[in-house]
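Just below is one structure, and these are the notes that go with it.
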Amino acid sequence: VQLQASGGGLVQAGGSLRLSCAASGVTARLSTMAWFRQDPGKEREFVAAIVWARGAPLYADSVKGRFTISRDNYQNRVYLQMNNLKPEDTAVYSCAAHPNRLVAYDVPGSYSYWGQGTQVTVSS
């Protein structure tokens, strides 16, 4: 299974970006799909997750109300719409996925598959 992320870039504070992540090499549903981010020298940080049949998506407090995660269930694609971006959102964003519905959806070690990451830079 491979995850391919795209959509990062440079944007001014207050701007928007949309990240996309597509899975290949798998025909079954990836029940949990998520986004994490990481700054150099820091630990990987949970951003958002969407779990099949669980209900509302899940967000880190730092992005609630600004970011929206969504997915295409039949193609194992996940998206992250990021609005009102702030300089502190600058990081490498990676998508992650797991075949099962995860309870520990905010723990990087829970995930089986990872994308390569896409850089998001927000200037002040």
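Overview of results
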| item | result |
| --- | --- |
| Condition broken by Leu10, with the remaining ones in (1) under 17 Å from the mean Cα position of the chain (by Cα); (2) farther than 13 Å from Phe67 by Cα satisfied | (1) |
| Options Ser24, Ser112, Ser70, Ser62; residue that is of a type in the set (Ser, Thr, Tyr) and touching a residue at least 60 places away in the same chain (Cβ under 8 Å) | Ser112 |
| Test: residue in segment 59-68 that is in contact with a Phe, Trp or Tyr (Cβ under 8 Å, 6 or more places away or on another chain), part of a loop (DSSP other than H, G, I, E, B) and within 15 Å of Gln116 (Cα to Cα) | no |
| Test set (1) at pLDDT below 95; (2) in contact with a Phe, Trp or Tyr (Cβ under 6 Å, 6 or more places away or on another chain) - Thr118 fails condition number | (1) |
| Complete set of residues in segment 47-78 that are buried (at least 16 other Cβ atoms within 10 Å of the Cβ), more than 29 Å from Ser123 (Cβ to Cβ) and charged (D, E, K, R) | Arg71 |
| Qualifying positions in segment 79-117 - charged (D, E, K, R), closer than 19 Å to Leu19 by Cα and open to solvent by 10 Å² or more (accessible area, probe 1.4 Å) | Lys86, Glu88, Asp106 |
| Val51 vs. criteria at pLDDT below 95 and in contact with a Ser or Thr (Cβ under 7 Å, 6 or more places away or on another chain) | yes |
| Top-ranked residue of segment 19-46 - restricted to ones that are of a type in the set (S, T, N, Q) and surrounded by 15 or more Cβ atoms within 10 Å (Cβ to Cβ), ranked as nearest to the chain's Cα centre (by Cα) | Ser20 |
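Every residue, every condition in (1) closer than 14 Å to Leu3 by Cα; (2) modelled with pLDDT of 95 or more; (3) in a strand (DSSP E or B); (4) touching a Cys at 6+ places or on another chain (Cβ under 6 Å), yes or no:
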{"residue": "Thr27", "(1), (2), (3), (4)": "yes, no, no, no"}
{"residue": "Arg71", "(1), (2), (3), (4)": "yes, no, yes, no"}
{"residue": "Leu80", "(1), (2), (3), (4)": "no, yes, yes, no"}
{"residue": "Leu85", "(1), (2), (3), (4)": "no, yes, no, no"}
{"residue": "Ser94", "(1), (2), (3), (4)": "yes, yes, yes, no"}
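The values are calculated or read from the model by the stated rules, or taken from the named source; none is laboratory data. A quick note: this is a predicted structure, and the numbers were derived from the prediction, not measured. Positions of Cβ are backbone-derived with ideal geometry, glycine not excepted, and every protein chain shown enters the neighbour counts. These area figures cover heavy atoms from the full protein model, side chains too; ligands, DNA and RNA do not enter into them. Shrake-Rupley method; radii C 1.70, N 1.55, O 1.52, S 1.80 Å.
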